[in-house]
Amino acid sequence: MRGPSIPRKITITYILIALNVIVYVYTSFLSGTPWQTSRSVLELYGQKNQRVMDGWYWQLFTSMFVHVTIEHLVGNMLFLLIFGLRAEEMFDVKEYLLIYILSGLAGNLLTLLFGSYMISAGASGAIFGMFGAVTIYMRRAVSQSIMTALIFAFFLLLISSGQGVNVLAHLGGLVIGLLMGYLLAATRKTKSGYTLSYSYSV
């Protein structure tokens, strides 16, 4: 006879995924379809650069949780699950959230500066930041060259480019994530060295 199953721990990654899904359900309801967020809803909760310039600054944050289509949502949440759970092994909750939010914000600010009149939405800037932080932290943690991590990071950036993809958001998030991962790794090594209980592979 089996004993009672141990419930899976609810972590910050699952909370962020749930939040993104809830927002998508809400924007789908407003749009009148579960398959795509309408332009009017995107202009309200996504990032429309002209409106941000006119004072709608909250769009820099709300756009990180808005997705254009259900495929857009599923793809981003899959990568958030992969890199988010790995990040939880390396960073505490405050560090994790700081990387996530600052990376997403950096991507949106870069979009604001160089994206002209485009409308953008999605968590990919924050997710690229998480990926960058995890990748470079792993290399620093085992005292290996960061060059491989940088090449790998920008290769992923390159292959993720395409029509309709906000490369500026990806780039801004990636750069901030790489920087924060490197600084956290360097600080910990300087203070007390690393305590590694699991192996890394990149």
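The values are calculated or read from the model by the stated rules, or taken from the named source; none is laboratory data. This is a predicted model, so every value here is computed, not measured. All Cβ positions, even for glycine, are placed from backbone atoms using ideal geometry, and neighbour counts span all protein chains on display.
The residue list Leu183, Leu102, Leu156 contains one member that is within 30 Å of Thr27 (Cβ to Cβ), surrounded by 12 or more Cβ atoms within 10 Å (Cβ to Cβ) and at pLDDT 90 or above, which is Leu102.
Scan the range 50-73 and give yes if some residue there is of a type in the set (Lys, Arg), crowded, with 17+ Cβ neighbours inside 10 Å and at pLDDT below 95, otherwise no.
Taking the range 50-73 and keeping what is of a type in the set (Lys, Arg), we get 51.
Restricting the remaining residues to those that are crowded, with 17+ Cβ neighbours inside 10 Å gives none.
Within the range 50-73, none of the residues are of a type in the set (Lys, Arg), crowded, with 17+ Cβ neighbours inside 10 Å and at pLDDT below 95.
Within the range 89-99, being modelled with pLDDT of 95 or more, crowded, with 18+ Cβ neighbours inside 10 Å and not β-branched (Val, Ile, Thr) holds for one residue alone: Tyr96.
In the range 186-198, the condition of being out of contact with any Lys or Arg (no Cβ under 8 Å at 6 or more places or on another chain), buried (at least 20 other Cβ atoms within 10 Å of the Cβ) and modelled with pLDDT of 75 or more is met by no residue. On the stretch given as the range 74-85, residues that are small (Gly, Ala, Ser) and crowded, with 21+ Cβ neighbours inside 10 Å total 1.
Output yes when any residue across the range 124-134 is surrounded by 14 or more Cβ atoms within 10 Å (Cβ to Cβ), assigned to a loop (DSSP other than H, G, I, E, B), at pLDDT 70 or above and small (Gly, Ala, Ser), and no when none is.
Of the residues in the range 124-134, the ones surrounded by 14 or more Cβ atoms within 10 Å (Cβ to Cβ) are 124-134.
The next check asks that each one be assigned to a loop (DSSP other than H, G, I, E, B); those that pass are none.
Checking the range 124-134: not a single residue is surrounded by 14 or more Cβ atoms within 10 Å (Cβ to Cβ), assigned to a loop (DSSP other than H, G, I, E, B), at pLDDT 70 or above and small (Gly, Ala, Ser).
Entry remark, the range 74-104: residues being within 14 Å of Ile15 (Cα to Cα) and not in a helix (DSSP H, G or I) number 0 in total. The set of residues from the range 63-78 being among the aliphatic types (A, V, I, L, M) and either in contact with a Ser or Thr (Cβ under 9 Å, 6 or more places away or on another chain) or in contact (Cβ under 8 Å) with a residue 24 or more places away in the chain (or both) comprises Met64, Val66, Val68, Ile70, Leu73, Met77.
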